[in-house]
Amino acid sequence: MASTFKIRKTVESDVADLQAVEISASQAFRAIDGLASFADGSCATKDQHCRTIAAQTSWLAETKDGKPVGFLAALPEDGALHIYEISVHFDHQKQGIGQALLAHAEEQARSRGLSELTLTTFSHVPWNAPFYEKLGFDILADKDCEPRLLKLVQDELSAGLPFPKKRCAMRKKLR
(Lines give C-alpha, C1' and ligand atoms only; values in the text may rest on other atoms or scores of the structure.)
Protein backbone atom coordinates (compact mmCIF):
# COMPACT_ATOMS: atom_id res chain seq x y z
CA MET A 1 0.00 0.00 0.00
CA ALA A 2 2.86 2.35 -0.81
CA SER A 3 0.40 4.89 -2.19
CA THR A 4 -1.11 5.42 1.27
CA PHE A 5 2.08 6.82 2.81
CA LYS A 6 5.14 8.84 1.92
CA ILE A 7 8.73 8.75 3.17
CA ARG A 8 10.68 11.84 4.12
CA LYS A 9 13.80 12.75 6.08
CA THR A 10 13.29 12.84 9.81
CA VAL A 11 13.82 16.14 11.63
CA GLU A 12 14.49 16.73 15.32
CA SER A 13 10.91 17.80 16.00
CA ASP A 14 9.82 14.26 14.95
CA VAL A 15 11.64 12.50 17.81
CA ALA A 16 8.60 12.15 20.10
CA ASP A 17 6.63 10.69 17.18
CA LEU A 18 9.45 8.23 16.42
CA GLN A 19 9.43 7.11 20.03
CA ALA A 20 5.65 6.64 19.97
CA VAL A 21 5.90 4.56 16.78
CA GLU A 22 8.66 2.41 18.30
CA ILE A 23 6.66 1.79 21.49
CA SER A 24 3.60 0.85 19.45
CA ALA A 25 5.62 -1.41 17.13
CA SER A 26 7.11 -3.25 20.09
CA GLN A 27 3.66 -4.54 21.08
CA ALA A 28 4.11 -7.23 18.41
CA PHE A 29 6.76 -8.85 20.65
CA ARG A 30 4.01 -9.90 23.07
CA ALA A 31 3.35 -12.78 20.66
CA ILE A 32 6.90 -14.19 21.01
CA ASP A 33 7.73 -16.32 24.06
CA GLY A 34 10.44 -14.65 26.09
CA LEU A 35 10.23 -11.28 24.33
CA ALA A 36 7.10 -9.75 25.91
CA SER A 37 9.39 -7.46 27.93
CA PHE A 38 10.15 -5.61 24.70
CA ALA A 39 6.63 -4.23 24.91
CA ASP A 40 7.48 -2.39 28.15
CA GLY A 41 7.40 1.10 26.67
CA SER A 42 11.12 1.68 26.30
CA CYS A 43 12.58 3.09 23.11
CA ALA A 44 15.59 4.85 21.63
CA THR A 45 16.58 8.07 23.38
CA LYS A 46 16.35 11.53 21.89
CA ASP A 47 20.17 11.61 21.64
CA GLN A 48 20.21 8.32 19.74
CA HIS A 49 17.63 9.63 17.29
CA CYS A 50 19.43 12.96 16.93
CA ARG A 51 22.63 11.17 15.85
CA THR A 52 20.88 9.54 12.89
CA ILE A 53 18.96 12.73 12.09
CA ALA A 54 22.21 14.73 12.05
CA ALA A 55 23.73 12.16 9.67
CA GLN A 56 20.61 12.53 7.47
CA THR A 57 20.07 8.78 7.65
CA SER A 58 16.73 8.69 9.44
CA TRP A 59 13.50 8.52 7.46
CA LEU A 60 9.89 8.76 8.52
CA ALA A 61 6.94 7.10 6.83
CA GLU A 62 3.75 9.08 7.28
CA THR A 63 0.23 8.93 5.97
CA LYS A 64 -0.83 11.46 3.37
CA ASP A 65 -2.33 13.55 6.18
CA GLY A 66 0.99 13.58 8.07
CA LYS A 67 0.45 10.87 10.71
CA PRO A 68 3.77 9.09 11.50
CA VAL A 69 3.43 5.34 10.91
CA GLY A 70 7.03 4.08 10.66
CA PHE A 71 10.68 5.02 10.58
CA LEU A 72 14.15 3.73 9.83
CA ALA A 73 17.20 5.06 11.67
CA ALA A 74 20.69 4.21 10.44
CA LEU A 75 24.28 5.43 10.43
CA PRO A 76 27.06 5.11 7.84
CA GLU A 77 29.78 2.87 9.30
CA ASP A 78 32.84 1.41 7.56
CA GLY A 79 31.35 1.58 4.06
CA ALA A 80 27.97 0.27 5.17
CA LEU A 81 24.69 1.85 6.15
CA HIS A 82 23.96 0.18 9.49
CA ILE A 83 20.28 0.05 10.37
CA TYR A 84 19.86 0.59 14.09
CA GLU A 85 16.09 0.63 14.15
CA ILE A 86 13.18 0.08 11.86
CA SER A 87 9.73 0.31 13.41
CA VAL A 88 6.21 0.37 12.04
CA HIS A 89 3.26 1.39 14.22
CA PHE A 90 1.39 -1.73 15.36
CA ASP A 91 -1.82 -0.62 13.59
CA HIS A 92 0.03 -0.21 10.28
CA GLN A 93 2.15 -3.35 10.16
CA LYS A 94 1.98 -5.75 7.21
CA GLN A 95 1.14 -2.96 4.75
CA GLY A 96 4.54 -2.70 3.03
CA ILE A 97 5.82 0.24 5.08
CA GLY A 98 8.86 -1.57 6.49
CA GLN A 99 9.77 -2.90 3.06
CA ALA A 100 9.42 0.59 1.55
CA LEU A 101 11.61 2.10 4.28
CA LEU A 102 14.30 -0.52 3.61
CA ALA A 103 14.12 0.12 -0.14
CA HIS A 104 14.48 3.84 0.53
CA ALA A 105 17.48 3.25 2.82
CA GLU A 106 19.08 1.06 0.16
CA GLU A 107 18.59 3.75 -2.48
CA GLN A 108 20.11 6.35 -0.15
CA ALA A 109 23.06 4.07 0.68
CA ARG A 110 23.76 3.52 -3.01
CA SER A 111 23.62 7.26 -3.68
CA ARG A 112 26.25 7.76 -0.95
CA GLY A 113 28.52 5.12 -2.50
CA LEU A 114 28.08 2.69 0.39
CA SER A 115 28.58 -0.97 -0.42
CA GLU A 116 26.15 -2.69 1.92
CA LEU A 117 23.33 -2.51 4.42
CA THR A 118 23.88 -4.16 7.81
CA LEU A 119 21.79 -4.76 10.89
CA THR A 120 21.49 -6.97 13.96
CA THR A 121 18.30 -8.82 14.81
CA PHE A 122 16.71 -11.99 16.14
CA SER A 123 16.91 -15.03 13.90
CA HIS A 124 13.71 -16.62 15.25
CA VAL A 125 11.27 -13.69 15.08
CA PRO A 126 9.24 -13.82 11.84
CA TRP A 127 9.40 -10.06 11.18
CA ASN A 128 13.14 -9.99 11.93
CA ALA A 129 15.69 -12.25 10.15
CA PRO A 130 13.16 -14.15 7.98
CA PHE A 131 11.72 -10.85 6.75
CA TYR A 132 15.16 -9.42 5.95
CA GLU A 133 16.22 -12.63 4.19
CA LYS A 134 13.26 -12.25 1.81
CA LEU A 135 14.65 -8.80 0.95
CA GLY A 136 18.15 -10.05 0.11
CA PHE A 137 19.94 -9.93 3.48
CA ASP A 138 22.16 -12.83 4.55
CA ILE A 139 22.68 -14.02 8.11
CA LEU A 140 26.38 -13.83 8.89
CA ALA A 141 28.18 -16.55 10.77
CA ASP A 142 30.52 -15.16 13.43
CA LYS A 143 33.51 -16.04 11.23
CA ASP A 144 32.06 -13.86 8.43
CA CYS A 145 31.31 -10.83 10.63
CA GLU A 146 33.63 -7.89 10.64
CA PRO A 147 34.68 -6.76 14.13
CA ARG A 148 32.18 -3.87 14.08
CA LEU A 149 29.19 -6.22 13.75
CA LEU A 150 30.54 -8.73 16.27
CA LYS A 151 30.97 -5.90 18.78
CA LEU A 152 27.42 -4.64 18.17
CA VAL A 153 25.95 -8.09 18.85
CA GLN A 154 28.13 -8.49 21.96
CA ASP A 155 27.13 -5.04 23.22
CA GLU A 156 23.44 -5.87 22.73
CA LEU A 157 23.80 -9.12 24.64
CA SER A 158 25.79 -7.40 27.40
CA ALA A 159 22.95 -4.88 27.70
CA GLY A 160 20.59 -7.73 28.48
CA LEU A 161 19.03 -8.89 25.21
CA PRO A 162 17.74 -12.45 25.64
CA PHE A 163 18.41 -15.48 23.47
CA PRO A 164 22.13 -14.99 22.73
CA LYS A 165 22.15 -17.94 20.30
CA LYS A 166 19.30 -16.33 18.35
CA ARG A 167 20.85 -12.88 17.93
CA CYS A 168 22.52 -12.40 14.56
CA ALA A 169 24.14 -9.89 12.26
CA MET A 170 22.89 -9.57 8.69
CA ARG A 171 24.22 -7.96 5.55
CA LYS A 172 22.91 -7.06 2.12
CA LYS A 173 25.61 -6.32 -0.41
CA LEU A 174 24.76 -3.45 -2.75
CA ARG A 175 27.43 -4.03 -5.38
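The values are calculated or read from the model by the stated rules, or taken from the named source; none is laboratory data. Not measured: the values here are computed from a predicted model. Positions of Cβ are generated from backbone atoms using ideal geometry, with glycine treated the same way; all protein chains shown enter the neighbour counts. Quick note on the areas: whole protein, heavy atoms, side chains included, nothing else; ligands and nucleic acids left out. Shrake-Rupley method; radii C 1.70, N 1.55, O 1.52, S 1.80 Å.
Some points to look at:
- Checked against the criterion of being among the aromatic types (Phe, Trp, Tyr), assigned to a strand (DSSP E or B) and either in contact with a strand residue (DSSP E or B) (Cβ under 8 Å, 6 or more places away or on another chain) or closer than 19 Å to Gln48 by Cβ (or both), the stretch 72-95 has at least one qualifying residue.
- Qualifying positions in the stretch 1-22 - within 19 Å of Gly96 (Cα to Cα), open to solvent by less than 60 Å² (accessible area, probe 1.4 Å), assigned to a helix (DSSP H, G or I) and not charged (D, E, K, R): Leu18, Val21
- Residue selection: Gly98 fails the criterion of being open to solvent by less than 30 Å² (accessible area, probe 1.4 Å), under 21 Å from Pro130 (Cβ atoms) and in a strand (DSSP E or B).
- When residues of the stretch 116-175 are limited to those that are touching a helix residue (DSSP H, G or I) at 6+ places or on another chain (Cβ under 8 Å) and free of Cβ contacts under 8 Å to residues at least 24 places away in the same chain, the one least open to solvent (accessible area, probe 1.4 Å): Leu157
- Screening Ser24 against (1) at pLDDT below 90; (2) touching a Ser or Thr at 6+ places or on another chain (Cβ under 9 Å); (3) hydroxyl-bearing (Ser, Thr, Tyr) leaves a single unmet condition, (1).
- Which numbered condition Ala54 fails, given (1) open to solvent by 10 Å² or more (accessible area, probe 1.4 Å); (2) at pLDDT 95 or above; (3) within 20 Å of Ser24 (Cβ to Cβ): (3)
- His49 surrounded by 14 or more Cβ atoms within 10 Å (Cβ to Cβ), part of a helix (DSSP H, G or I) and touching a helix residue (DSSP H, G or I) at 6+ places or on another chain (Cβ under 9 Å): yes
- Considering (1) surrounded by fewer than 19 Cβ atoms within 10 Å (Cβ to Cβ); (2) over 20 Å from Lys134 (Cα atoms), the lone condition that Leu60 does not fulfil carries the number (1).
- If the condition is being touching a residue at least 60 places away in the same chain (Cβ under 8 Å) and assigned to a strand (DSSP E or B), then the stretch 52-71 contributes Val69, Gly70, Phe71.
- Among the residues making up the stretch 104-125, those that are over 12 Å from the mean Cα position of the chain (by Cα) and either at positive phi or assigned to a helix (DSSP H, G or I) (or both) are His104, Glu106, Glu107, Gln108, Ala109, Arg110, Ser111, Gly113.
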